[in-house]
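Beneath this line is the structure, given in structure tokens, with notes to follow.
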Amino acid sequence: MSGSGGAECLRGHCGWTAYAPSAPCQNCLGANIGLNNIGLIFQACAQGSGSLTFGGRNGVILLSKQPFTQKDVLKFDSFLLQRVALYGQTTVAGAVTHAFCTHLQAGLGSVKYNGKLGGWQQEQAAEIDELVKWVGAKAGSGRAVLLGDMNCGPAVAEARIDAEFADNFAKFTAAGLAAPWLAGAVTQCTWCKANLLAGSSEDRVIDHALFKGWPAFGDVQRSRIGEAKVAIDLAGGATDTQHSDHFGARLTVSLP
């Protein structure tokens, strides 16, 4: 088989075959699955293709309306997907502000973990440990904001939100990072059953804006973005989808 159908067949029906080779071969197959062509995948691996998907590109962007006066990148020791955190120093409301963003390792379910740390959750935990140390080193006692897809979050029973690697998320709160999106009964999921791309049977909050070193916020406004469905044309006709499998979390805060 060739084309996208071949890759889908490999993912959906030939897992036992994909897991049969050595760990490096499994890694290479997974890293090149985006080629969507079994022949090209095997060719890439035979030619010594790298073990990180998308050639090691990470897809993380940190944007600011104010210019950054300092910038830096933290590259995590990652399996399969290169994970990073970005840093930019800027000024907000007259105060130096240390901004960070990241996309941490996810629990990839049936995808076999062949990394160094025992599993997806353990690798994510190691990333968080390294990240909070980096935030502390950069920001000190100053104002820090950490944004991103953390792929972890606590349960919020009153909002019927389920946990995802809650012990990992607790590392952020233990480091003094506050999560104003989590607001009891009015908390909204970002990884949701209602999202047409997520394929989830549970509602979770795994995308966060975390703050440390700020004065107490006045008014906090919360809104979710990306909920609108998008109509696209497929070979079989029109269908509805979403811009992303996550909904975005928008926070607007007022300072005293």
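What's the total number of residues in segment 142-195 that are surrounded by fewer than 14 Cβ atoms within 10 Å (Cβ to Cβ) and outside any loop (DSSP other than H, G, I, E, B)?
Going through segment 142-195 one residue at a time, the tally reaches 10.
Could you go through segment 189-212 and let me know if any residue there is out of contact with any helix residue (DSSP H, G or I) (no Cβ under 9 Å at 6 or more places or on another chain) and at positive phi.
yes
Looking only at residues in segment 84-104 that are in a loop (DSSP other than H, G, I, E, B) and modelled with pLDDT under 95, which one is surrounded by the fewest Cβ atoms within 10 Å (Cβ to Cβ)? Step through it out loud before you land on a result.
Of segment 84-104, the ones in a loop (DSSP other than H, G, I, E, B) are 93-94, 104.
From what's left, modelled with pLDDT under 95: 93-94.
Values: A93: 10, G94: 7.
This residue is G94.
Do we find that V135 is touching a residue at least 12 places away in the same chain (Cβ under 8 Å), among the hydrophobic types (A, V, I, L, M, F, W, C), crowded, with 21+ Cβ neighbours inside 10 Å and farther than 26 Å from A198 by Cβ in this structure?
The answer is yes for V135.
Yes or no: A198 small (G, A, S), in a loop (DSSP other than H, G, I, E, B) and surrounded by fewer than 18 Cβ atoms within 10 Å (Cβ to Cβ)?
Numbers: small (G, A, S): yes; in a loop (DSSP other than H, G, I, E, B): yes; surrounded by fewer than 18 Cβ atoms within 10 Å (Cβ to Cβ): no.
Spelling it out, it is not the case that A198 is small (G, A, S), in a loop (DSSP other than H, G, I, E, B) and surrounded by fewer than 18 Cβ atoms within 10 Å (Cβ to Cβ).
Looking at segment 91-112, I want the residues that are in the same structural domain as L81 (by TED's automatic domain parsing) and have a partner that is small (G, A, S) and crowded, with 19+ Cβ neighbours inside 10 Å with Cβ atoms under 6 Å, at least 6 apart or on another chain. Which pairs are those?
Cβ pairs passing all conditions: H98/A139; H98/A144; A99/G88; F100/A85; C101/G148; T102/A85; T102/G148; H103/G148.
The values are calculated or read from the model by the stated rules, or taken from the named source; none is laboratory data. Nothing here was measured: the structure is a model prediction, and the numbers come from that model. With ideal geometry, Cβ positions are generated from the backbone for all residues, glycine too; neighbour counts draw on all protein chains shown.
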